[in-house]
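To start, the structure under review is shown below, and the notes come after it.
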Amino acid sequence: MSGISGLLEHVERTAVLDRVTAPVADWVRGRFRGTRAKDLAHGVPLGHPAHPALVLVPAGTLTAATLLDLVPGTERSRDALVTVGLLAAVPTAATGLADWSELRDEQQRVGVVHASLNLAALSCYALSLGASVTGRRGRARVLRGAGGVLLHAGGFVGAHLAHRQAVGANHAEQLPFQVELGWRTLCAVDDLPGEGRPARMLLDGNPLLVVREADVIHVLGEQCSHLAGPLSEGDVTVERGEMCVRCPWHGSTFALDDGRVVHGPATAPQPAFGVRVVNGRVQVRSPASPTETTSPETPETPADPDSR
Ligand code: FES
């Protein structure tokens, strides 16, 4: 296993693959850019990447078709399973392509291997269907076997993408638990950036995004949930009538009010911190804090009226 992982790490460093991946990724982004279909393909309405969920149908049906070769008299069932698997592979591939187009170079290189293995597997299954309906059952069986091997090799590479390279993971998940719970002083009100200008500030060594909108102060996790891009280097925009921040790396857009995803490729929201102003100091509270939590920094004086 470590040999295969080592091979994939070598693929990650093989920059010559960029000659293929870069123009293809540009083309895919150009087709999807700014469309509702793009958010749908990434899984924004689900709050979870759509591709891993869709993989279940083609992987399950095609694997079952291969296994049924061990059971005599199931030819028609095998053909039906292969047909369903091939049809289900179309939206699965489309969502994978959309996600792949918004990855780092190293991830795209491995993604090409993943897609190539899956494409080879699907070709084997498609040819097996042709062989089966024309009565060449031995050939169909061999092709289903080869398809099964290629499909699972593709799945292994997909696991490398997801678990080693953290594609599809929420890169902002840990933040609420990495800061001390309860109200914490972040800065003086006078230190806040100008209205609508994003700024990066540290709390317990963790970067936070701070944006002032009139009397309201927004504080979100600074590292984008998609691939940890620096949101303070992005643009503050208005989307659907509300203030948002757009990630400079792949354009994920988050509502400043509560961190929810307005546009992908991110599907997980940014952690949104509670904010209040006390005696001229901005205090923030991790969203992981229990509501009853108090801390030594809880003020003895009431919060300013503009606190929330
Ligand atoms: S890191 Fe990809 S959109 Fe932010």
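Test each condition in (1) under 20 Å from residue 268 (Cβ atoms); (2) assigned to a helix (DSSP H, G or I); (3) not polar (S, T, N, Q) for residue 11 and report the one that comes out false.
Only one criterion is unmet by residue 11, namely (1).
Kindly provide the set of residues from the stretch 202-253 that are more than 13 Å from the ligand (Cβ to nearest atom) and either part of a helix (DSSP H, G or I) or in contact with a helix residue (DSSP H, G or I) (Cβ under 6 Å, 6 or more places away or on another chain) (or both), ordered by number.
Of everything in the stretch 202-253, just one residue is more than 13 Å from the ligand (Cβ to nearest atom) and either part of a helix (DSSP H, G or I) or in contact with a helix residue (DSSP H, G or I) (Cβ under 6 Å, 6 or more places away or on another chain) (or both), namely 206.
Considering (1) of a type outside the set (D, E, K, R); (2) more than 14 Å from the ligand (Cβ to nearest atom); (3) touching an Asp or Glu at 6+ places or on another chain (Cβ under 9 Å), say which one residue 291 fails and leave the rest.
Looking at each condition in turn, residue 291 falls short on (3).
From the list 97, 46, 7, which one is surrounded by 14 or more Cβ atoms within 10 Å (Cβ to Cβ) and either closer than 30 Å to residue 240 by Cα or aliphatic (A, V, I, L, M) (or both)?
97
Please determine, by comparing only the residues of the stretch 272-301 that are under 31 Å from the mean Cα position of the chain (by Cα) and open to solvent by 20 Å² or more (accessible area, probe 1.4 Å), which one is modelled with the lowest pLDDT.
Checked the stretch 272-301; the qualifying residue modelled with the lowest pLDDT is 291.
Could you list, in sequence order, the residues of the stretch 211-242 that are touching a Leu at 6+ places or on another chain (Cβ under 8 Å) and either touching a residue at least 60 places away in the same chain (Cβ under 8 Å) or surrounded by fewer than 16 Cβ atoms within 10 Å (Cβ to Cβ) (or both)?
Listed by number, the residues that qualify are 213, 217, 219, 227, 242.
Could you say which residue among 169, 159 is free of Cβ contacts under 8 Å to residues at least 12 places away in the same chain and in a loop (DSSP other than H, G, I, E, B)?
Exactly one residue qualifies, and that residue is 169.
Residue under question is residue 82, and the condition is that it be under 20 Å from residue 133 (Cβ atoms), open to solvent by less than 30 Å² (accessible area, probe 1.4 Å) and among the hydrophobic types (A, V, I, L, M, F, W, C); does it hold?
yes
Could you tell me how many of the residues in the stretch 254-267 are surrounded by fewer than 22 Cβ atoms within 10 Å (Cβ to Cβ) and in a loop (DSSP other than H, G, I, E, B)?
So the count comes out to 3.
Can you name every residue in the stretch 243-253 that is open to solvent by 30 Å² or more (accessible area, probe 1.4 Å) and not aliphatic (A, V, I, L, M)?
Matches in the stretch 243-253: 246, 248, 249, 250.
Checking residue 81 against (1) in contact (Cβ under 8 Å) with a residue 40 or more places away in the chain; (2) in contact with a Ser or Thr (Cβ under 7 Å, 6 or more places away or on another chain), only one condition comes out false. Which one?
(1)
Out of the stretch 103-154, which residues are in a helix (DSSP H, G or I) and among the polar types (S, T, N, Q)?
107, 108, 116, 118, 123, 128, 132
The values are calculated or read from the model by the stated rules, or taken from the named source; none is laboratory data. All of these numbers come straight from a predicted model, not from anything done at the bench. Cβ sites come from the backbone with ideal geometry, for glycine too, and all protein chains shown count toward neighbours. The accessibility values were calculated without ligands, DNA or RNA, using every heavy atom of the protein model including side chains. Shrake-Rupley method; radii C 1.70, N 1.55, O 1.52, S 1.80 Å.
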